[in-house]
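Report on the structure given below.
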Amino acid sequence: QVQLVESGGGLVQAGGSLRLSCAASGRDFNRYAVGWARQAPGKEREFVAAINWSDSTTRYADSVKGRFTISRNNAKNTVYLQMNSLELEDTAVYYCHADSDVRATMTIASDYWGQGTQVTVSS
């Protein structure tokens, strides 16, 4: 069982940066792949980024490549999403999710989900 709590969301101007954090509790968290997904108003939830547990391999959605960076600190049971050059289209609720199967995180089919944190990008 894994519990996930996101933080770091807020209001930022276009071109600015935010860093989201996902704090996890539960046994063997460092054996879980972790991802970030987002859902904008009126749209379906979509994959943003994921990081594997074994070798920290990362994957990104095309829309955020080069702007977002996912990382993890297993000693702190925390995963981060550094978001730079934010665009209006990045406005959404961002969710942290985890699964023992990295493929689940890449298809946002993870077993464990946080409650989400709102990111709003203004012009």
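The values are calculated or read from the model by the stated rules, or taken from the named source; none is laboratory data. Nothing here was measured: the structure is a model prediction, and the numbers come from that model. Every residue, glycine among them, receives a Cβ derived from its backbone with ideal geometry; neighbour counts consider all protein chains shown. These area figures cover heavy atoms from the full protein model, side chains too; ligands, DNA and RNA do not enter into them. Shrake-Rupley method; radii C 1.70, N 1.55, O 1.52, S 1.80 Å.
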Quote the charge dipole size of the stretch 13-78 about the Cα centre in Debye, to the nearest 20; the model charges only the Cβ of Lys and Arg (+1) and of Asp and Glu (-1).
140 debye
Surface accessible to a 1.4 Å probe, per residue, for the residues of the chain, Å²:
51 Å²
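Starting with the highest mean, order 37-47, 112-122, 77-87 by the number of other Cβ atoms within 10 Å, averaged over the residues of each peptide.
By packing density, highest mean first, the sequence is 77-87, 112-122, 37-47.
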Computed about the Cα centre, the charge dipole of the chain from +1 Lys/Arg and -1 Asp/Glu charges at the Cβ has a magnitude in debye, to the nearest 20, of 240 debye
Summing +1 per Lys or Arg and -1 per Asp or Glu among the other residues with Cβ less than 15 Å from Gly66's Cβ gives -1
Plugging the Kirkwood radius over Cα pairs into Stokes-Einstein for the chain, at a temperature of 10 °C and a viscosity of 1.306 mPa s, what D comes out in µm²/s?
113 µm²/s
Percent accessible area from carbon and sulfur atoms, the stretch 45-116, protein chains only, probe 1.4 Å:
43 percent
Compute the FRET efficiency between Asn30 and Val5 as 1/(1 + (r/R0)^6), taking r as their Cβ-Cβ distance and R0 = 22 Å, and round to the nearest 0.05.
0.80
Of Arg72, Arg59, Arg27, which has the largest mean-square fluctuation in a 10 Å C-alpha GNM of the chain?
Arg27
What is the distance, in nm, between label points placed 7 Å from the Cα along the Cα-to-Cβ direction at Ala75 and at Thr120?
3.8 nm
Among Asn74, Ala40, Ser63 - extreme Cα towards positive end, dipole of the chain, charges at beta-carbon
Asn74
